[in-house]
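As structure tokens, the structure follows; a few thoughts come after it.
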Amino acid sequence: MVTTVAVGAASVLGFLAGLLTLKAKGAWCAVCGVTKECPDPAHRA
Ligand SMILES: [Zn+2]
């Protein structure tokens, strides 16, 4: 049980860290944050 919780927490933290890293790099739309290639040119800096 403890191991399962630890692995789950680690997975969530890793996922969030990766998401923040991608956003920091500007690889994803800063407005939507959903797609890498936002169809809306106004969202691109
Ligand atoms: Zn966008």
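Using square roots of five times the C-alpha gyration tensor eigenvalues, list the equivalent-ellipsoid semi-axes of segment 2-43 in whole Å, biggest first.
Numbers: eigenvalues 177, 15, 6 Å².
They are 30, 9, 6 Å, listed largest first.
Gain on full extension, evaluated as 0.36 nm per residue between residue 37 and residue 5 minus their Cα-Cα distance, stands at 8.0 nm.
Just so you know, all these numbers are worked out from the coordinates, no wet-lab data involved. Nothing here was measured: the structure is a model prediction, and the numbers come from that model.
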